[in-house]
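Working notes, structure below.
The values are calculated or read from the model by the stated rules, or taken from the named source; none is laboratory data. Quick caveat, the model's predicted, so the values are computed rather than measured. Note that we place each Cβ from the backbone using ideal geometry, even for glycine, and neighbour counts take in every protein chain shown.
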Amino acid sequence: MPNPTGHQDAARSVVFAPLDGSGRAELVEQRLTDAIVSGVLRDGERLPSESELSRSLGVAVVTAREALEGMRDRGLVRTRRGRDGGSFVTYDRDAAARLLESRLRGHSRIELRDLALHVGAIAGTAAEVAADRASADDIESLLSVHEGADSSTAGGARRALGRFRLEVAAISQSPRLVREEVRLQSEAGPLLWLCLREREYRDLSIAGRLEVIDAIRAADPGAARAATIAQTTAALEWLVDEKVRLEASADRTAKEDP
């Protein structure tokens with residue numbers, strides 16, 4: 001079963017896996033930015049060199065260079081010269097929050113619903129299959145993950161949810177579901193789980209994990225899937241409301257400061 005180190009290693013392997021599509025600099029920048037905001041790449045961590053990034057992501061060196069330049073411009077990376085030089089992550093919580101809010105404003109409601117549908121489909125299927133395949137030891141492992149979670153902060157709650165869902169995916173015994181779960185946690189998690197800023201939603205996340213555990217213990221695939229998707233649906237509804245709030249705030253600011 002995955003453990004904290006295994007979860008981190010799996011997430012990092014996805015961050016530096018080859019990109020699908022044309023390999024534009026924007027895609028490289030988005031992949032690395034998501035990893036920084038989600039905490040997979042930590043503040044102060046040294047990134048691979050331009051040539052290493054190009055090989056691991058399957059892009060040209062100039063593409064990797066452009067991506068790093070874009071991240072430097074946004075304050076997400078700093079570069080040092082010399083023997084101990086390189087590009088280093090500079091994670092700032094306030095800057096990351098502004099970045100996510102900007103991304104949220106840039107998504108249409110249709111895009112947000114499609115994102116939640118994809119996340120819910122993967123996590124819901126993993127929970128459904130896990131309910132058919134879980135052993136007593138698997139259920140104990142889920143309880144251990146749940147009870148050891150720290151949901152006192154948004155970051156802690158997001159990590160707890162991520163680890164729990166990865167554990168469920170592992171219990172499904174589907175390597176493809178595990179890989180897709182890790183990928184979505186890195187790429188979609190920071191935006192989708194913005195609701196965990198609020199205590200109410202952190203409490204709902206805790207209750208949701210218990211519902212999933214109960215359903216898996218009862219060998220009830222439908223209930224396991226429904227409880228998992230309900231969490232994603234609640235997060236989507238919060239996102240849509242937050243998008244409206246942010247857009248209204250931006251409109252007021254524009255009127256006040258033309």
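Test ALA254 against the criterion of being outside the structural domain of ILE122 (by TED's automatic domain parsing), surrounded by fewer than 20 Cβ atoms within 10 Å (Cβ to Cβ) and either at positive phi or of a type in the set (Gly, Ala, Ser) (or both), and give yes or no. Spell out how you get there, then give the answer.
Details: outside the structural domain of ILE122 (by TED's automatic domain parsing): yes; surrounded by fewer than 20 Cβ atoms within 10 Å (Cβ to Cβ): yes; either at positive phi or of a type in the set (Gly, Ala, Ser) (or both): yes.
Considered against the rule, which asks whether it is outside the structural domain of ILE122 (by TED's automatic domain parsing), surrounded by fewer than 20 Cβ atoms within 10 Å (Cβ to Cβ) and either at positive phi or of a type in the set (Gly, Ala, Ser) (or both), ALA254 comes out as yes.
Hey, among ASP150, ASP138, ASP132, ASP203, which residue is assigned by TED's automatic domain parsing to the domain that holds LEU104, acidic (Asp, Glu) and surrounded by 17 or more Cβ atoms within 10 Å (Cβ to Cβ)? Quick ask: steps written out before the conclusion?
Details: ASP150 fails: surrounded by 17 or more Cβ atoms within 10 Å (Cβ to Cβ); ASP132 fails: surrounded by 17 or more Cβ atoms within 10 Å (Cβ to Cβ); ASP203 fails: surrounded by 17 or more Cβ atoms within 10 Å (Cβ to Cβ).
Checking each option against the conditions leaves just ASP138.
For region 83-101, enumerate the residues that are part of a helix (DSSP H, G or I) and without any contact (Cβ under 8 Å) to a residue 40 or more places away in the chain.
ARG93, ASP94, ALA95, ALA97, ARG98
Scan SER49, SER38, SER54 and give me the residue that is out of contact with any His (no Cβ under 7 Å at 6 or more places or on another chain), among the hydroxyl-bearing types (Ser, Thr, Tyr) and modelled with pLDDT under 80.
Exactly one residue qualifies, and that residue is SER38.
Please work out which residue is farthest from the chain's Cα centre (by Cα), limiting yourself to region 69-82 and to residues that are more than 24 Å from LEU192 (Cα to Cα) and in a strand (DSSP E or B).
By that ranking, first place goes to ARG80.
Have a look at ALA188, ALA160 and point out the one that is assigned by TED's automatic domain parsing to the domain that holds HIS107, of a type outside the set (D, E, K, R) and over 15 Å from ALA96 (Cα atoms).
So the residue among ALA188, ALA160 that is assigned by TED's automatic domain parsing to the domain that holds HIS107, of a type outside the set (D, E, K, R) and over 15 Å from ALA96 (Cα atoms) is ALA160.
Could you tell me whether region 196-204 includes any residue that is within 17 Å of SER172 (Cβ to Cβ) and outside any helix (DSSP H, G or I)?
no
Surrounded by 12 or more Cβ atoms within 10 Å (Cβ to Cβ), more than 17 Å from the chain's Cα centre (by Cα) and either charged (D, E, K, R) or over 28 Å from THR232 (Cα atoms) (or both): is that true of GLY85 in this structure?
Here the answer is no, as GLY85 does not meet what is asked.
For region 222-239, indicate whether the set of residues that are aliphatic (A, V, I, L, M), at pLDDT 95 or above and either farther than 26 Å from ASP203 by Cβ or not in a helix (DSSP H, G or I) (or both) is non-empty.
no
Of the conditions (1) buried (at least 19 other Cβ atoms within 10 Å of the Cβ); (2) in contact (Cβ under 8 Å) with a residue 24 or more places away in the chain, SER49 satisfies every one except a single condition; which number is it?
Failed condition: (1).
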